[in-house]
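Colleague: Take this structure, written in structure tokens, and hold onto it; I'll ask about it next.
The values are calculated or read from the model by the stated rules, or taken from the named source; none is laboratory data. Given the structure is predicted, the values throughout are model-derived calculations rather than measurements. Note that we place each Cβ from the backbone using ideal geometry, even for glycine, and neighbour counts take in every protein chain shown. Only protein heavy atoms, including side chains, enter the accessible area calculation; ligands, DNA and RNA are left aside. Shrake-Rupley method; radii C 1.70, N 1.55, O 1.52, S 1.80 Å.
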Amino acid sequence: MLSRTAARAPGAGIISHLLKSLATVAIPLNAIVLAAGQGKRMRSTLPKVLHPLAGQPLVAHVLAAVRALAPRTIAVVVGAGADNVRDALAGDALVFAVQDPPRGTGDATRVGLDALAPDGVTLVTIGDIPLAPVEALSRVVAAAAQGQLAVLTARVSDPSGLGRIVRDDTGCVRAIVEERDATDVERRIDEINTGVLAAPTTLLREWVSRLRPDNAQGEYYLTDIVALACADGVPVVAELALDERDVAGINDRAQLAAVERIVQQRRAQALMRDGVTLADPARFDVRGKLACGRDVTIDVGCIFEGEVTLADGVHIGPYCVLRDVTIGAGTSIEAYSHLVGAQVGADCRIGPYARLRPGASLAAAVHVGNFVEVKASALGPGSKANHLAYIGDTTMGAGVNYGAGSITANYDGVAKHRTTIGDRVSIGSNCVLVAPINVGAGATIGAGSVVAQDAPAGKLTVARPRQSTIEGWQRPARNTSEGS
Ligand code: UD1
Ligand code: CA
């Protein structure tokens, strides 16, 4: 809820009445997010607003900023059949309004308004400016709460393709002119419409109902309400964005990539400020949340997704992918490792080329080496699987040595079965542990064994044909006098 803090000279008739009524009460906030456009310039079957930026749909970034203002309802305007947009966005205080067909941002706003209560102030934002800051949105809303039409504008180095802010001789905003409809003089204006505005809801409804599609695209332009407000004598205020990068719009894949770099650079800078060493901040991607302790070092080309936590002194080698993982202090993840849904303890050495899958839980000082895959398994302290192995659905004790080429055969074609390996077990090279199976503490399994029954603690179990040598055997020899 917003409180009106200052009075402003209202226009005539109904407008003055509206402004007075806004002045006397705390003002509820509505929000509309426009996300029904086809996004033609993306050349994609995926709706533009669902294209991911830093791991989240574009429109989810916009919604997060809008939510920070605590509106009572947010109407997301979607196109017909945009079930995937609805599915991606379900949440509190959200209503979906369908615009079919898409006939412009003004028409989309009308559709959104029909889904909202008719009072209070309404904030409208386009769904393809994902970095719009809460601070800027709240300035626009605060200005609208004074009974004005407030537009978020920006001064930009390259205004091409954007709506220009046209001011009169006294500097008052008079109109927004889309590039296609602009004169040569107007095209030279470097102050642009960001696509965010707010106004008293009743006024907004009234202006939107008066829009006409008499422009180069034959669309209902939301931007035309500026001229209508001026004609009605309602003040139009331009709130200037502090940084043009914050309001960069995404219409095509090149712009999407450019904004992705803006986000990633900002995240890299923030981490470095917090004491993380990045070998190259330009080759670093966080597509979720990354929390780091002290003296973490991250080499080039790493991707962090979901929620990742790196404790003090963790080192991540080049080209690793980490999604939803926790890494303990002093652990080193070597080059080209792929970790998803795993927990790794302190002082472990993982990789190069290791794969930890969901449910992998490694205690302290575990070594998992090249081409070793671990899934839904707990490895006790100090256990090692250094080369070419598969450990699935296993509970492994402490100090186990798991030999090269050994696997748990955990799947019988129907169900998964568990393997239990006691403390200090030594599994030789190239063994198959056919689950369900228990290998007792201190047992040794001879290399090349296929172990299908429990192996007792403290003993050597070997399950392979005995080696034999055939006396008198002769290798067949080719008769060299015959042709080939
Ligand atoms: C729009 C603005 C322009 C501004 C620019 C900022 C208008 C007419 N133009 O231009 O002044 O400088 O954004 O980036 O408002 N949408 C609908 N239904 C529609 C059409 C669009 O929901 O019928 C949604 C789209 O999904 C998109 C947003 O509105 O999220 C903007 O539409 P887009 O076509 O990208 O507008 P721009 O040409 O970029
Ligand atoms: Ca756009």
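Colleague: Taking every DSSP beta bridge with both residues inside the chain, roughly what % is antiparallel (nearest 5)? The partial results should precede the final answer.
Modeller: Details: 20 of 110 bridges.
Bridges in the chain that DSSP calls antiparallel: roughly 20 percent.
Colleague: Obtain the nm distance between the two label points defined at Ala477 and Arg357 by a simple spin-label model: each point lies 7 Å from its Cα along the Cα-to-C-beta direction.
Modeller: Simple spin-label model gives 5.3 nm for this pair.
Colleague: Given +1 on the Cβ of Lys and Arg, -1 on the Cβ of Asp and Glu, and no further charges, what dipole in debye does segment 370-484 carry about its Cα centre, rounded to the nearest 20?
Modeller: On the way: 10 positive and 7 negative charges, 26 e Å.
Magnitude of the dipole: close to 120 debye.
Colleague: Measure off 7 Å from each Cα along the Cα-to-Cβ vector at Ala68 and Ala90, then give the distance between these two points in nanometres to one decimal.
Modeller: Those two pseudo-labels are separated by 2.7 nm.
Colleague: Based on Cα coordinates alone, diagonalise the gyration tensor for segment 170-253, multiply each eigenvalue by 5, take square roots, and list the semi-axes in whole Å, largest first. Write out the running numbers ahead of the final one.
Modeller: On the way: eigenvalues 86, 57, 43 Å².
Listed largest to smallest, the semi-axes of segment 170-253 are 21, 17, 15 Å.
Colleague: Moving on to the next point. How many Å² of accessible area per residue for the chain, probe 1.4 Å? Could the numbers behind the result be given before it?
Modeller: Values: 22580 Å² over 484 residues.
Here the per-residue accessible area is 47 Å².
Colleague: On to the next question. Using only Cα atoms, tell me the angle between helix 58-67 and the longest principal axis of the chain; keep it within 0 to 90° and round to the nearest 10.
Modeller: With both axes taken from Cα atoms, the answer is about 60 degrees.
Colleague: OK, next. In the P(r) worked out for segment 2-247, what percent of Cα pairs fall beyond 27 Å?
Modeller: Numbers: 9084 of 30135 pairs.
Of all Cα-Cα pairs in segment 2-247, 30 percent lie more than 27 Å apart.
Colleague: Apply the Karplus parameterisation 6.51 cos²θ - 1.76 cosθ + 1.60, with θ equal to phi minus 60°, to every residue of segment 181-186 and state each ³J(HN,Hα) to the nearest whole Hz, in sequence, with x for glycine and proline.
Modeller: 9, 7, 7, 4, 5, 5
Colleague: A further question on this structure: How large is ³J(HN,Hα) for each residue in segment 98-107, as worked out from phi by the Karplus curve 6.51 cos²θ - 1.76 cosθ + 1.60 (θ = phi - 60°), to whole Hz, x for Gly and Pro?
Modeller: 9, 9, 9, x, x, 10, x, 5, x, 5
Colleague: Still on this structure, please answer the following. Would you list which lysines come within 28 Å of Lys289, measuring only between C-alpha atoms, while excluding same-chain residues fewer than 8 positions from it?
Modeller: Within the straight-line limit of under 28 Å, Lys289 reaches these lysines: Lys48, Lys375.
Colleague: Could you grab the relative contact order for segment 337-380? Cα pairs under 8 Å, six or more apart, rounded to a whole percent. Let's see the in-between values first.
Modeller: On the way: 114 pairs, mean separation 17.1, N = 44.
It rounds to 39 percent for segment 337-380.
Colleague: Okay, next question. Going by amide H atoms built from the backbone, whose H comes under 5 Å of the H on Gln56, apart from near neighbours?
Modeller: HN-HN under 5 Å from Gln56: empty list.
Colleague: Now for a separate question. Give the percent of DSSP beta bridges with both residues in segment 2-247 that are antiparallel, rounded to the nearest 5.
Modeller: Values: 19 of 42 bridges.
Beta bridges within segment 2-247, antiparallel portion: roughly 45 percent.
Colleague: What are the principal axis extents of the Cα atoms in segment 338-484, in Å, biggest first?
Modeller: 68, 35, 33
Colleague: While we're on this one: Considering only protein heavy atoms and a probe of 1.4 Å, how much of the accessible area of segment 398-473 is carbon and sulfur, as a whole percent?
Modeller: Numbers: 2340 of 4410 Å².
Carbon and sulfur: 53 percent of the exposed surface of segment 398-473.
Colleague: Which percent of the accessible area of segment 217-323 is formed by carbon and sulfur heavy atoms (probe 1.4 angstrom)?
Modeller: Working: 2370 of 4800 Å².
Roughly 49 percent of what the probe reaches on segment 217-323 is carbon or sulfur.
Colleague: Let me ask another. List the residues, sorted by chain then number, that are 5 or more residues from Gly288 or on another chain and whose placed amide H is less than 5 Å from its amide H.
Modeller: Gly306
Colleague: Something else: Quick one: dipole size for the chain, taken about the Cα centre, charges +1 on Lys/Arg Cβ and -1 on Asp/Glu Cβ, in debye to the nearest 20.
Modeller: On the way: 47 positive and 48 negative charges, 215 e Å.
Taking the Cα centre of the chain as origin, the dipole is about 1040 debye.
Colleague: Which aspartates and glutamates does Lys384 reach when only Cα atoms under 14 Å apart count, and residues fewer than 8 places away in its own chain are ignored?
Modeller: Asp347, Glu373, Asp423
Colleague: Over the Cα atoms of segment 226-338, compute the convex hull volume and normalise it per residue, giving Å³.
Modeller: Working: hull volume 14.9 nm³, N = 113.
Per residue, the Cα convex hull of segment 226-338 comes to 132 Å³.
Colleague: Leaving ligands, DNA and RNA out of it, rank Val134, Val340, Val314 by accessible area with a 1.4 Å probe, largest first.
Modeller: Numbers: Val134 60, Val340 25, Val314 0 Å².
Output order, biggest surface exposure first: Val134, Val340, Val314.
Colleague: Out of every Cα pair in the chain, what percent are spaced more than 40 Å from each other? Kindly include the intermediate steps, with their values, before the conclusion.
Modeller: Details: 51488 of 116886 pairs.
Roughly 44 percent, rounded to a whole number.
Colleague: Order Val85, Val450 by their accessible area, 1.4 angstrom probe, all chains in place, largest first.
Modeller: On the way: Val85 0, Val450 85 Å².
Correct descending sequence by accessible area is Val450, Val85.
Colleague: Any idea how far apart Asp119 and Cys172 come out in nm if each label point goes 7 Å out from Cα toward Cβ?
Modeller: 3.1
Colleague: If you put +1 on each Lys and Arg Cβ and -1 on each Asp and Glu Cβ, how big is the dipole of segment 272-461 around its Cα centre, in Debye rounded to 20?
Modeller: On the way: 15 positive and 16 negative charges, 54 e Å.
It works out to roughly 260 debye.
Colleague: Still on this structure, please answer the following. Counting only DSSP beta bridges with both residues in segment 312-370, tell me the antiparallel percent, nearest 5.
Modeller: Numbers: 0 of 15 bridges.
Approximately 0 percent, going by the DSSP bridge assignments.
Colleague: Let me ask something additional. Give the ranking of Ile407, Ile126, Ile298 by solvent-accessible surface, highest area first, calculated with a 1.4 Å probe.
Modeller: Details: Ile407 65, Ile126 35, Ile298 5 Å².
Output order, biggest surface exposure first: Ile407, Ile126, Ile298.
Colleague: Another question, then. Asp312 to Thr395: FRET efficiency via 1/(1 + (r/R0)^6), r the Cβ-Cβ distance, R0 30 Å, to the nearest 0.05? Write down the numbers at each step before the final one.
Modeller: On the way: r = 28 Å, r/R0 = 0.95.
Using R0 = 30 Å, I get an efficiency of 0.60.
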